[in-house]
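Each remark here refers to the structure printed beneath this line.
The values are calculated or read from the model by the stated rules, or taken from the named source; none is laboratory data. Computed from a predicted model, the values in this text were never measured in an experiment. Reconstructed Cβ throughout: ideal geometry from the backbone, glycine too, with neighbour counts over all protein chains shown.
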Amino acid sequence: PNYTNGVAAQPNSYAHYLLGLLSAFRRDAERIENFYDRLNYCAMGTTVLNGTSWPLNRERMAHYLGFKAPVENAYDAGQFKSNDDAVEFSSILTSIALHVGTFIQDLSVQYAQPRPWILLQEGGENTYVSSAMPQKRNPGLMIRTRTNASRVISDAQQAVWLAHNIIPGMSDARNVEDTSGRVKETLAMLSQVRRVISALKINPERALEELNSDWTASQEVADVFMRDYKLPFRVGHHIASEIVSYAKANGIKPADFPYSEVKRIYAEVIKKEYPQGNPLCPMPESQFKDTLNPVKIIQNRKTTGGPQPAELNKNLASMEKSIQSQLNWAKDNVATISNALQKLDGDFQKILPKEEAKKTDRSLDLNR
């Protein structure tokens, strides 16, 4: 079951749910790449505000340090861009942490049930026994992950507040240690998310039982009335809603709902809301039962991006391709910087006296 407004809403494939979460993380990765395109400009040589009378070759400086190009406007370089970079990057970290928090909270509500269909494998650092109530197994790993997500978000907002209400050029928001600390917090949070996912214990039978104990398939009833029998969706929706109301009032589960009541409710709604229609229910009992089958609902989805196996496989292949592209992007950019710095070191060696070059070589080795 998937939930909206905290209430069981529709059946779904858990793989589809996780790929949805991964799609959100993919946008975060794309934001990082887009941000890097704006970050990757060199401020060196702009000095404080507007350059210098020394004929510095800023293009060559940028090239030697692995940047794409110099920052175009010298005033922007030191007065605006550096603060903008810190704030924009903090917004990306915030987005990542928001996705993590939503995922963890969605898992946490399961622990309110006496018989969850998904929870953490017990023991180790995953769960701990309550100090007061021996029956409780608290999801410690999830609690710590949620706490870390909250810390990432709160610390990221610090960059915004530090950049707020300052005159141009003040360095409040662009402290490298602050930004590095936020990155470390985010990486620690994501490491914990990986552990949460690895520790998940899913009970498919219990999940199906949960679906069949409620009326999460009722929208499909309305859809079938409209698609197969040309009934206005509003009318079909009201029929399905009346079926659910009667079932809940009488404690009837979907699999046990009597077809005679389907026919009665159908006739009453048609007479009241669609008098030009035939009051005889056109949906046979066998189709009504199939329409309430959560597994068949998933298998019969037709739209692109749905949970049906064919679409899941396409989505998974697309995601794997995207992840490989992200890895290649990171590798290429690291290589660009590394190659530029190696060329910088090599060119320095050419202009140094021999003895000084040897000392520099030893020093560079130690620094690396």
In the stretch 114-153, anything at pLDDT 85 or above, over 17 Å from GLN192 (Cβ atoms) and surrounded by fewer than 14 Cβ atoms within 10 Å (Cβ to Cβ) is listed as PRO114, ARG115, GLU122
Does ASP85 satisfy the condition of being charged (D, E, K, R), surrounded by fewer than 18 Cβ atoms within 10 Å (Cβ to Cβ) and either at pLDDT 95 or above or at negative phi (or both)? no
Given the conditions (1) within 16 Å of PHE225 (Cα to Cα); (2) modelled with pLDDT of 95 or more; (3) exposed (fewer than 13 other Cβ atoms within 10 Å of the Cβ), report the number of the one that ILE265 does not fulfil. (3)
Given the criterion in contact (Cβ under 8 Å) with a residue 40 or more places away in the chain and surrounded by fewer than 16 Cβ atoms within 10 Å (Cβ to Cβ), identify the matching residue among ASP256, ASP228. ASP228
Within the bounds of the stretch 197-220, is there any residue that is in contact (Cβ under 8 Å) with a residue 12 or more places away in the chain, farther than 30 Å from VAL100 by Cβ and of a type in the set (Val, Ile, Thr)? no
If I ask for residues that are crowded, with 17+ Cβ neighbours inside 10 Å, touching a Leu at 6+ places or on another chain (Cβ under 7 Å) and among the small types (Gly, Ala, Ser), which ones from the stretch 1-47 would you list? SER13, GLY45
Looking only at the stretch 48-64, count how many residues are more than 19 Å from GLY78 (Cβ to Cβ) and surrounded by 15 or more Cβ atoms within 10 Å (Cβ to Cβ). 2
Can you find a residue that is assigned to a loop (DSSP other than H, G, I, E, B), touching a Lys or Arg at 6+ places or on another chain (Cβ under 9 Å) and farther than 29 Å from ASN165 by Cα anywhere in the stretch 104-116? yes
Report, ordered by the first and then the second residue, all pairs with beta carbons closer than 9 Å, sequence separation of six or more or different chains, a first member in the stretch 268-283 that is among the basic types (Lys, Arg), and a second member that is surrounded by 12 or more Cβ atoms within 10 Å (Cβ to Cβ) and outside any helix (DSSP H, G or I). LYS271/GLY277; LYS271/PRO279
If GLN276 meets every condition in (1) surrounded by fewer than 11 Cβ atoms within 10 Å (Cβ to Cβ); (2) over 31 Å from the mean Cα position of the chain (by Cα); (3) closer than 30 Å to SER13 by Cα apart from one, which number is that one? (3)
Over the stretch 64-78, the set of residues assigned to a loop (DSSP other than H, G, I, E, B) and within 33 Å of the chain's Cα centre (by Cα) is GLY66, PHE67, LYS68, VAL71
Take VAL193 and tell me if it is surrounded by 14 or more Cβ atoms within 10 Å (Cβ to Cβ) and in contact (Cβ under 8 Å) with a residue 60 or more places away in the chain. yes
Checking VAL176 against (1) without any contact (Cβ under 8 Å) to a residue 40 or more places away in the chain; (2) buried (at least 18 other Cβ atoms within 10 Å of the Cβ); (3) within 30 Å of THR46 (Cβ to Cβ): exactly one of these is not met. Which one? (2)
If I filter the stretch 20-29 for residues that are hydroxyl-bearing (Ser, Thr, Tyr), in contact (Cβ under 8 Å) with a residue 24 or more places away in the chain and touching a helix residue (DSSP H, G or I) at 6+ places or on another chain (Cβ under 7 Å), do I get at least one hit? no
Any residue at all in the stretch 351-361 that is more than 29 Å from CYS42 (Cα to Cα) and either assigned by TED's automatic domain parsing to the domain that holds TYR266 or not in a helix (DSSP H, G or I) (or both)? yes
Residue list for the stretch 88-113, filter: polar (S, T, N, Q), surrounded by 14 or more Cβ atoms within 10 Å (Cβ to Cβ) and in contact (Cβ under 8 Å) with a residue 40 or more places away in the chain: SER90, SER91, THR94, SER95
